[in-house]
Amino acid sequence: MPLLGVNIDHVATIRQARRTIEPDPVWAASLAELAGAHGITVHLREDRRHIQDRDVRVLRETVQVKLNLEMATADEITGIALEVRPDQCTLVPEKREEVTTEGGLDVVGNRDRVKRCVDQLLEAGIEVSLFIDPDVKQIEASRELGVHAVELHTGAYADAETAADIDREYNALVTAAAETLQRNLLLHMGHGLTYRNVIPVASIAGVSELNIGHSIVSRAVLVGFERAVREMKELVSDPN
Ligand SMILES: CC(=O)[C@@H](O)[C@H](O)COP(=O)(O)O
Ligand SMILES: NCC(=O)COP(=O)(O)O
């Protein structure tokens, strides 16, 4: 059974829409833990559009399950990771103008830069995972860097619309999963997984960690909406 890492980035997205203090992703992490999450994932983007430095530092103090920090290979962020020491760092590509992480890290094309970051993290005793497309060349390049795991980007599968496209992208994940396991790398997967598309991915043999965020936060907003309105209505209808 894969472990569930809950990505709480988009709790912070709602907070940053007003640059206020709520909702606090630290509280969301505690609730996720109480609900049985095996891990908490946050992506400290260089542009700080959602998760902030303070969140990562407080989460390091409060999270009792695995804390997974997603990060670019940038020196500034690597410095924060080395200071905060999450249990795991997942290296991801970043583009300022993207809405979300569009593709996997190009480990083949950026070997030296990725290696420099990986080496520093491994030396500090932090587990390292590389967020890559389901591509055998990227898997092999990841293995050569001595990382613990790869996280296969499930976005193309999640975005596929026709049955043929879904099948093709799913088969690519299944093949890449087998290639990953053959190389004795831990197999993680994530991005764009939802309540509708997760079951086939969770069923892939050997997947040990799924990181899921946007869909959980989206559902939380809706399943909590009625109660939130009721509670506000009680306050305004009976202010005394
Ligand atoms: C790397 C990844 O797949 C997710 O963490 C995703 O990056 C969430 O953050 P964004 O939606 O800001 O990309
Ligand atoms: N690495 C994937 C992740 O952490 C969550 O991605 P998403 O579910 O928010 O698309």
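Just give me the residues in region 184-196 being touching a strand residue (DSSP E or B) at 6+ places or on another chain (Cβ under 9 Å) and away from ligand 2 (no atom under 13 Å from the Cβ), in sequence order. Reasoning before the result, please.
Going through region 184-196, the residues touching a strand residue (DSSP E or B) at 6+ places or on another chain (Cβ under 9 Å) turn out to be 185-194.
Result: LEU185, LEU186, LEU187.
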**Q.** Criterion: among the hydroxyl-bearing types (Ser, Thr, Tyr), surrounded by fewer than 19 Cβ atoms within 10 Å (Cβ to Cβ) and either modelled with pLDDT of 95 or more or on the phi > 0 side of the Ramachandran plot (or both) - qualifying residue of THR175, THR180, THR154
**A.** THR175
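So, in region 79-117, exactly how many residues are within 22 Å of ASP133 (Cα to Cα) and surrounded by fewer than 22 Cβ atoms within 10 Å (Cβ to Cβ)? Spell out how you get there, then give the answer.
We begin by selecting, within region 79-117, every residue within 22 Å of ASP133 (Cα to Cα); these are 88-117.
Narrowing the set further to residues that are surrounded by fewer than 22 Cβ atoms within 10 Å (Cβ to Cβ) leaves 93-103, 106, 108-113, 115-116.
So the answer is 20.
Condition check: touching a Leu at 6+ places or on another chain (Cβ under 9 Å), hydrophobic (A, V, I, L, M, F, W, C) and within 15 Å of ligand 2 (Cβ to nearest atom). Does LEU181 satisfy that? First the steps, then the outcome.
Working: touching a Leu at 6+ places or on another chain (Cβ under 9 Å): yes; hydrophobic (A, V, I, L, M, F, W, C): yes; within 15 Å of ligand 2 (Cβ to nearest atom): no.
It is false that LEU181 is touching a Leu at 6+ places or on another chain (Cβ under 9 Å), hydrophobic (A, V, I, L, M, F, W, C) and within 15 Å of ligand 2 (Cβ to nearest atom).
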Q.
If the requirement is being in a loop (DSSP other than H, G, I, E, B), modelled with pLDDT of 95 or more, over 13 Å from the mean Cα position of the chain (by Cα) and charged (D, E, K, R), which of these qualifies: ASP112, ASP106?
A. ASP106
Q: State whether the residues of region 60-81 include one that is touching a Gly at 6+ places or on another chain (Cβ under 9 Å), more than 15 Å from ligand 1 (Cβ to nearest atom) and of a type outside the set (Lys, Arg).
A: yes
Q.
Name the residue that is nearest to the chain's Cα centre (by Cα), counting only residues in region 143-162 that are within 15 Å of ligand 2 (Cβ to nearest atom) and in a helix (DSSP H, G or I).
A. GLY155
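The values are calculated or read from the model by the stated rules, or taken from the named source; none is laboratory data. Please read these numbers as outputs of a predicted model, since none were measured by experiment. All Cβ positions, even for glycine, are placed from backbone atoms using ideal geometry, and neighbour counts span all protein chains on display.
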